[in-house]
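Colleague: Dropping the structure in here first, questions after.
The values are calculated or read from the model by the stated rules, or taken from the named source; none is laboratory data. Quick caveat: nothing in here was measured; it's all calculated off a predicted structure. We place every Cβ from the backbone using ideal geometry, glycine too, and count neighbours over all the protein chains shown.
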């Protein structure tokens, strides 16, 4: 991996993904709030990092190792910390704010991640799996739930929304969100996935090592 | 050598960016002016717009409080100057003060402004030496604003109508 990618590109992408994921426009308290990731999402983020390592999408030894210079190890540490922060922020972003949707997403997200972890997919399959998890989270929160929660423009719409809210005891509807929230979510998820694809995989075994392996066998 | 420069500059830039993200989480800026004002005040180069502040002071002394607040807000767009926030709070107090009752909305705005002033002042202590004011410290102003939004027994004292605005 080139020093430019490790020292500049990856931290920039991951920190930007974290910042975009935590930006929430149109909250009840302020026009724009930056919500830091919850401790629960940090736990989920460690599962994502573990899955990246096990699948071979990330080789931590290529970021931090005793044989590397101090400056290179510092760059690697920044990449790992940024990766953890970005993963936590993105997972926090796709978790609905309240009610039953929050409960179910908080329940199934770790199950999905643990399932991915134990299935042991290769790098490409893991990245596809992460894209599906994040994409589904974005669609559920910013398309389906946002559509159910946005203020209706017509009288019929208002009646239907009120009936839906009453039928579900208010457990489904979320705070209405402006359209920009969805765009920010898509941008941060895409940035995180692109950064995950740029992480250093393990080095392929050299031909000498392969030959020695064959001789020993 | 070139690699060390790239790695070193990347490390500094990443740490600075990370610190900015943490600062944004902590301070929750709402406008670009608040972001730039917060960052410049962190390195000690933030300055208010002095002509706007002077306009605000002139309006304030002429009892034109909405105009004064607008000018003070223009002078301190990032809300990072304790003295300007103090005057904004004082303008809210003087406009909202009444013999029979106070304007709760203005007093709450004043409380928010004086809280910002106290938070920005070194060690939370702010004293403004202005002979036109009757309350010189942010603590006095805060207590007066707090009394205005609190319902207490003395609010029903008929002698209240003889009190004077500070």
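Colleague: Looking only at helices (runs of 4 or more DSSP H) that lie completely in segment B:1-86, which have at least 2 residues being buried (at least 16 other Cβ atoms within 10 Å of the Cβ) and facing chain A (nearest Cβ under 10 Å)? First the steps, then the outcome.
Modeller: Values: elements: B:2-27, B:32-42, B:50-61, B:65-75.
Passing ranges, in order: B:2-27.
Colleague: Residue A:12 fails exactly one of the following numbered conditions: (1) part of a helix (DSSP H, G or I); (2) surrounded by fewer than 19 Cβ atoms within 10 Å (Cβ to Cβ); (3) within 8 Å of chain B (Cβ to nearest Cβ); (4) in contact (Cβ under 8 Å) with a residue 12 or more places away in the chain. What is the number of that condition?
Modeller: (4)
Colleague: Then there's this: Any idea which of A:100, A:80, A:44 is outside any strand (DSSP E or B), within 16 Å of the chain's Cα centre (by Cα) and either within 14 Å of chain B (Cβ to nearest Cβ) or within 22 Å of residue A:143 (Cα to Cα) (or both)? Break it down stepwise before answering.
Modeller: Working: A:100 fails: within 16 Å of the chain's Cα centre (by Cα); A:44 fails: either within 14 Å of chain B (Cβ to nearest Cβ) or within 22 Å of residue A:143 (Cα to Cα) (or both).
The conditions single out A:80.
Colleague: Checking residue B:132 against (1) modelled with pLDDT of 95 or more; (2) closer than 15 Å to residue B:166 by Cβ, which single condition isn't satisfied?
Modeller: Residue B:132 satisfies every listed condition except (1).
Colleague: Which members of segment B:98-144 meet the condition of being touching a helix residue (DSSP H, G or I) at 6+ places or on another chain (Cβ under 7 Å), assigned to a helix (DSSP H, G or I) and over 17 Å from residue B:79 (Cβ atoms)?
Modeller: B:104, B:106, B:107, B:144
Colleague: Something else now. Can residue A:52 be described as at pLDDT below 95 and within 14 Å of another protein chain (Cβ to nearest Cβ)?
Modeller: Taking the combined requirement at face value, the residue does not satisfy it.
Colleague: Among the residues of segment A:15-34, which ones are within 21 Å of residue A:80 (Cα to Cα) and at the interface with another protein chain (Cβ under 9 Å from one of its Cβ atoms)?
Modeller: Here is the first cut: in segment A:15-34, the residues within 21 Å of residue A:80 (Cα to Cα) are A:15-22.
Residues satisfying the conditions are A:15, A:16, A:18, A:19, A:22.
Colleague: Would you please list the contacts, defined by Cβ atoms under 7 Å and residues six or more apart or on different chains, that run from a residue in segment B:138-153 that is buried (at least 16 other Cβ atoms within 10 Å of the Cβ) to a residue that is in a loop (DSSP other than H, G, I, E, B)?
Modeller: Partner pairs satisfying both residue conditions: B:138/B:121; B:138/B:126; B:141/B:135; B:144/B:135; B:144/B:166; B:148/B:102.
Colleague: Quick check, is residue A:166 assigned to a helix (DSSP H, G or I) and either modelled with pLDDT under 75 or closer than 14 Å to residue A:24 by Cα (or both)? Write out each step before concluding.
Modeller: Values: assigned to a helix (DSSP H, G or I): yes; either modelled with pLDDT under 75 or closer than 14 Å to residue A:24 by Cα (or both): yes.
The answer is yes for residue A:166.
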